[in-house]
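Notes to accompany the following structure.
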Amino acid sequence: LEGDRARRIPACVQCHGRRLTGALPAIPGLLGLPRDYVAGQFAFWANGQRKAAAPDCMAHITGQFTVDDIRAVSTWLAAQPVPADAKPA
C-alpha cells in the first residue's frame, strides 16, 4: 500500500487503484489471483519473459524486486479479500 520510496518502488495502489481492483482502460486488478500465479508473473517480468506495451512499468518495478519481495507481495495480495463490487477505477 505504500511501496518503497528508498528503492523507487511505487505502491501497487498508485496504478492498480486504491482498492487494487484495476484501472480502466488496461490496468488489471490484483485481487483474487492465486499467490503462485502472481509470483510467477513478477518473476517473468523481472527476467524479461513477460513484456507490456511501453512504458512497461512493471518490468522496471519487478526488476528491483528480490525473491523475498516477490514472495511477500504475492502472498499479501493473494490473502486480500475481493470486494463484492470489484470494479476497476
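Remarks
- Cβ-defined net charge surrounding Asn47, 15 Å radius [Lys, Arg +1; Asp, Glu -1]: 0
- Within the accessible area of the chain (1.4 Å probe), percent carbon and sulfur: 59 percent
- The candidate values were (1) 1.03; (2) 1.15; (3) 0.98; the one computed from these coordinates for Cα Rg over 2.2 N^0.38 Å carries the label (1).
- Region 21-89 - percent relative contact order, Cα under 8 Å, separation 6 or more: 49 percent
- Rolling a 1.4 angstrom probe over the protein heavy atoms with all chains in place gives the chain an accessible area of 68 Å² per residue.
The values are calculated or read from the model by the stated rules, or taken from the named source; none is laboratory data. In this text the structure is predicted, and so the values were computed from the model without any measurement. Reconstructed Cβ throughout: ideal geometry from the backbone, glycine too, with neighbour counts over all protein chains shown. What goes into the accessible areas is simple: the full protein's heavy atoms, side chains included, and nothing from ligands, DNA or RNA. Shrake-Rupley method; radii C 1.70, N 1.55, O 1.52, S 1.80 Å.
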